Amino acid sequence: VGNNWGAFDTIFSPGDFNGDGKADVIVRNSATKDLHLYAGNGSGGFKAGTGDEIGNNWGAFDVIFSPGDFSGDGKADVIVRNSATKDLHLYAGNGSGGFKSGTGAAIGNNWGAFDTVF
């Protein structure tokens, strides 16, 4: 479904992140630490022109994943763990391929005892 994905240090699927009913993939560029959305086409590939940047400089996080809709609003969200504080933060999805403004608040403190969070 794609070539040269070696530029990404994190790859995960939040489910349908852009609200079109098809599963998507979010990646973090290992050099810039920016997040990019690859919108699924519903046929095992990606829509043309995808790979849009949806977040800048996410290098402060050592864990990035999506539990799906964590906030209960029907839209896929992303949870991160700050590599310094080990606190979890919720970035609520807006249902159209980005995040709601004002999100990123801490939802849990000191998750450093866990080597895997997903």
What percentage of all Cα-Cα pairs in the chain are separated by more than 24 Å?
-> 22 percent
Amide H neighbours of THR10 at under 5 Å, excluding residues fewer than 5 places away on the same chain, with H built from the backbone geometry, are ARG28
Report, in debye and to the nearest 20, how large the dipole of region 1-61 comes out about its Cα centre when Lys and Arg carry +1 and Asp and Glu carry -1 on their Cβ.
-> 100 debye
State the extension gain, in nm to one decimal, for the chain segment bounded by TRP111 and ASP87, taking 0.36 nm per residue of separation less the distance between their alpha-carbons.
-> 8.1 nm
Any aspartates and glutamates whose Cα falls less than 12 Å from that of LYS86, other than same-chain ones fewer than 8 residues away, would be ASP62, ASP115
Distance between region 5-33 and region 44-118 - C-alpha centres, whole angstrom | 11 Å
Treating cross-link reach as a plain straight distance, find the aspartates and glutamates whose alpha-carbon is under 20 Å from the alpha-carbon of LYS75, omitting any fewer than eight places away in the same chain.
-> ASP16, ASP20, ASP24, ASP52, GLU53
Starting from the Cα of LYS47, draw a straight line to each of the lysines and keep only those under 19 Å, dropping any in the same chain fewer than 8 residues away.
-> LYS22
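Bear in mind that the values in this text are calculations on the coordinates, not laboratory data. Being a predicted model, the structure only gives us computed values, none of them experimental. Neighbour counts are summed over all protein chains in view; Cβ atoms, including those assigned to glycine, are modelled from backbone coordinates with ideal geometry.
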